[in-house]
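The values are calculated or read from the model by the stated rules, or taken from the named source; none is laboratory data. Computed from a predicted structure; not experimentally measured. Here the Cβ is made from the backbone with ideal geometry for all residues, glycine too, and neighbour counts use every protein chain on show. Just the protein is used for accessible areas: all its heavy atoms, side chains included, with ligands, DNA and RNA removed. Shrake-Rupley method; radii C 1.70, N 1.55, O 1.52, S 1.80 Å.
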Amino acid sequence: MEKNSADWRYTVMPAVFTWLKESASGALEIDFVATQQYAADILRVQGKGGTRMGGLVGSGTLGENSYLSTQQRLALLKALSEVAKEFNVPLISGAAAETKEELAKIVTELATVGVDTVMVMPPKTKEAPSDEQMYAYYALAASAANQAGITIMPYNNPDAAGYHALSTDLLRKLAALAEVTALKISTTDVSTIETLMLENHALKILAGVDTVTVHAGLAGACGGITGVGCIFPKASVTMQEYVNNGEWAEANKISQAMNSISYLDAQPLLLEYLKYAFGIHHNDADGGLRTFGKKLTQEQIDDVQARYLLAKERLVLLDLVD
């Protein structure tokens, strides 16, 4: 695989959480300062090989995208764009809509607040569109991105997030669009990555599930987007360094060390689970509980805490906890 350290797609990038606080009325609102601070802290971390995260992902699944209003989402991304500019990395955000026209409008709006690449999820419809309808949806987003001077990244996540699946044939066609800078494949079935890469060695694919970072790299993925890396950034960056260097045994040691918590990244409640673990990591369990998402049961809280502690114990032994 060609290596290019100057290319953000050959790195791992954090899908940062949107930190919330209680307003005077008791309602939850975005804590912009805390969100910026945590995002900057993650981007400062270096792996053992000296590299850092190469991009910043905001308002994604872990950023409570589906719970935010348009106004909240744009304000959040404008705040995160300041962090991205400080560290000279691209700002990436997610987008999904019911219609291609609505999606094109969202892509245009995101460009106005500093987003460089839009992760485009499949349409939010009850019935799965045909490949032809799906292609038209992405093609119009690509056209809107072209006019706005940004790029898009088709996002295939049929597992934990429950989006409509993008077929391999459709992914192949979408990759040919000039505005598509990469594909994000968030599935534990990495054979899709391998199939696409065998057909087109120049293709750029980012893995989106922490449990398969090493396997996706073996299949040909050049980088990834991480949730667990927000909690253990040094471990995540170092693992990607080993993957990029073909040091599979060393990469696998880290993958195994993080296995207990990476498991949560592939669950339907990944936002709630990982955000709570992030709160534990920063001695802010109450903050970790602040979410627009579902409230965790005590049993779920206990499970997340046990998984976090096990991963931390293993990573300490590898000198990968800051």
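Quick notes on this one:
- Alpha-carbon Rg with Dmax, taken over the range 12-61, Å: 13.5, 47
- For the chain, calculated [θ]222 nm from helices alone, where every DSSP H run of n ≥ 4 adds -39500 (n - 2.57): -14000 deg cm²/dmol
- Between amide H atoms placed 1.01 Å from N, distances below 5 Å from Ile205 occur with Leu183, Cys222, Gly223, all of them 5 or more places distant or on a separate chain.
- When the convex hull of its Cα atoms is projected in every direction, mean area for the range 132-270 (nm²): 8.6
- Antiparallel beta bridges, as assigned by DSSP with both residues in the chain, represent about 10 percent of the total such bridges.
- Centre separation in Å (Cα based) which lies between the range 240-268 and the range 154-199: 21
- Look at the dipole of the chain built from charges on Cβ: of Tyr38, Leu170, Ala202, the Cα furthest out on the positive end belongs to Tyr38.
- Gyration tensor (alpha-carbon) shape descriptor, the range 160-233, a/c threshold 1.5: prolate
- Total charge dipole magnitude, the chain, about the Cα centre, Cβ charges on Lys, Arg, Asp, Glu only, Debye to nearest 20: 320
- When GluC sites (Glu not before Pro) are flagged only if DSSP places them in a loop and at most 15 other Cβ atoms lie within 10 Å, the longest unflagged stretch of the chain comes out as 128-246.
- Relative contact order of the range 193-322, pairs being alpha-carbon contacts under 8 Å that are 6 or more residues apart, as %: 23
- List Phe87, Phe232, ordered by accessible area with a 1.4 Å probe, largest first: Phe87, Phe232
- For the chain, dividing the convex hull volume of the Cα atoms by the residue count gives 122 Å³ per residue.
- Springs join every pair of Cα atoms under 10 Å in this Gaussian network model of the chain, and among Asp265, Asp210, Asp131 the largest mean-square fluctuation is at Asp131.
- For the range 210-300, the list of trypsin sites (Lys or Arg not before Pro) that fall in a loop by DSSP and count at most 15 other C-beta atoms within 10 angstrom reads Lys294, Lys295.
- Kyte-Doolittle mean at least -1.0, axial Cα span of 20 Å or more - DSSP H helices of the chain: 70-86, 131-148, 298-317
- Heavy atoms of His281 accessible to a 1.4 Å probe, total area in Å² rounded to 10: 50
- Residues Arg52, Arg307, sorted by accessible area with the largest first, give Arg52, Arg307 [1.4 Å probe; ligands and nucleic acids excluded].
- Restraint check, Lys48/Lys312; Lys85/Lys312; Lys173/Lys204; Lys100/Lys173; Lys173/Lys275; Lys253/Lys295, Cα-Cα greater than 24 Å: Lys85/Lys312; Lys173/Lys275; Lys253/Lys295
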